[in-house]
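Colleague: There's a structure below that I have some questions on.
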Amino acid sequence: MEAREIFITKFDKERLKELISVAYDFGKEEHKNLSDLKDELSRAKLIASEKIPSDVVTMNSKVALRDINTSEKMNYTIVFPKDANIDEGKISVLAPLGTAMLGYRAGDVIEWQVPSGRRRIKIEKILYQPEASGDFHL
């Protein structure tokens, strides 16, 4: 599947680059998810928080997803690792699915390698996006 254009706010990109840097400083450079996140950030189009479209998945966005193969529906909020709690539907940006969602838009289908194999996930709807609600620095 060809990679689509993805978007990121300047604020999110700065915080995520810092997260990657700190993780590398602690000797986690072999962590594939860090490398995947770094790759996604390098190809993302940078947009001011105030101008990011409301249908783009940003940090702290709550997203309705559907697995294309199984039709399973799920809702996740994409968060920093320290805030992750799968029981509360909060998925780390360093989890394969968290990295995969970041920067894509409602309606996009993402294909991503996860521990159980390759998954195709459709972003059905953005249930909450901080920037669309005026929360520019969560």
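The values are calculated or read from the model by the stated rules, or taken from the named source; none is laboratory data. Quantities reported herein were computed from a predicted structural model and do not represent experimental measurements. Don't worry about glycine lacking a Cβ; one is built from the backbone with ideal geometry, like all the others, and counts go over all protein chains shown.
Colleague: Can Ser133 be described as within 20 Å of Asp12 (Cβ to Cβ), touching an Asp or Glu at 6+ places or on another chain (Cβ under 9 Å) and not aliphatic (A, V, I, L, M)? Give the steps one after another, and end with the answer.
Modeller: Values: within 20 Å of Asp12 (Cβ to Cβ): yes; touching an Asp or Glu at 6+ places or on another chain (Cβ under 9 Å): no; not aliphatic (A, V, I, L, M): yes.
Taking the combined requirement at face value, the residue does not satisfy it.
Colleague: Let me ask something else about it. Name the residues in region 72-88 that are more than 16 Å from Pro130 (Cβ to Cβ) and assigned to a loop (DSSP other than H, G, I, E, B), would you?
Modeller: Matches in region 72-88: Glu72, Ala84.
Colleague: Turning to a different aspect of this structure: What are the residues in region 35-45 that are in contact with a Ser or Thr (Cβ under 9 Å, 6 or more places away or on another chain) and either crowded, with 18+ Cβ neighbours inside 10 Å or at pLDDT 90 or above (or both), if any?
Modeller: Leu37, Glu40
Colleague: Can you list residue pairs whose Cβ atoms sit under 9 Å apart, with the first residue in region 99-123 being closer than 17 Å to Thr77 by Cα and the second being β-branched (Val, Ile, Thr) and surrounded by fewer than 17 Cβ atoms within 10 Å (Cβ to Cβ)? Count only pairs 6 or more apart in sequence or on different chains.
Modeller: Close Cβ pairs (under 9 Å, with a partner that is β-branched (Val, Ile, Thr) and surrounded by fewer than 17 Cβ atoms within 10 Å (Cβ to Cβ)) amount to Ala100/Val114; Ile121/Ile68; Ile121/Val109; Lys122/Ile68; Lys122/Val109; Ile123/Val109.
Colleague: A follow-up question, please. Out of region 116-138, which residues are among the acidic types (Asp, Glu) and over 20 Å from Ala100 (Cα atoms)?
Modeller: Asp135
Colleague: Looking only at region 13-34, decide whether some residue is modelled with pLDDT under 90, surrounded by 14 or more Cβ atoms within 10 Å (Cβ to Cβ) and of a type in the set (S, T, N, Q).
Modeller: The answer is yes, given that some residue of region 13-34 is modelled with pLDDT under 90, surrounded by 14 or more Cβ atoms within 10 Å (Cβ to Cβ) and of a type in the set (S, T, N, Q).
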